[in-house]
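Taken together, the values in this text are just the output of simple stated rules run on the coordinates, not laboratory data. Every value quoted in this text rests on a predicted model; they were computed, and no experiment measured them. Positions of Cβ are backbone-derived with ideal geometry, glycine not excepted, and every protein chain shown enters the neighbour counts.
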Amino acid sequence: MTSSRGRARGPEETGERESAYELFQRGSRLLAEHHPGAASVVLERAERLEPGKASILEALARAYFNQGRHALAADRFQQMIDRDPLAHYAHFGLGLARHRLGDDRQARIHLRMAVFLKPEVDDYQRALARVRGV
């Protein structure tokens, strides 16, 4: 739909509601385009519609991390682990967030778990080595 000025109107302006999936897709696109602030706003809306959904939590955690909001990122990664203790990427993200928050003990625990769960992922190995100071 277009406005009287000829520009496309978004769902907010037309009274339509975006689904959690549509919001997730839009937020993920913004994140991929290096707009973590805008992504987090959209993904927070998706999270309100689908609380606890792993894909939304992960994208939102990544957006927060990329904004430097490490405590919020850690919280979302922890929520993922609470729901699935074997979520290797969540352990990786939580380890990185804890490291940025200055909690290297917890960072090592989660990075070790990520490496244990997915030893073939070089990023996990490198992050653990950095936190260990190797």
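What to note about this one:
- Applying the criterion of being of a type in the set (Lys, Arg) and in contact with a helix residue (DSSP H, G or I) (Cβ under 7 Å, 6 or more places away or on another chain) to the residues of the range 56-115, the residue that is nearest to Ser40 (Cα to Cα) is Arg62.
- Filter result (aliphatic (A, V, I, L, M) and more than 17 Å from Ile56 (Cα to Cα)) within the range 72-125: Leu86, Leu96, Ala97, Leu101, Ala107, Ile109, Leu111, Met113, Ala114, Val115, Leu117, Val121
- Qualifying residues in the range 72-91 (those that are aliphatic (A, V, I, L, M) and under 12 Å from the mean Cα position of the chain (by Cα)) - the one farthest from His110 (Cα to Cα): Leu72
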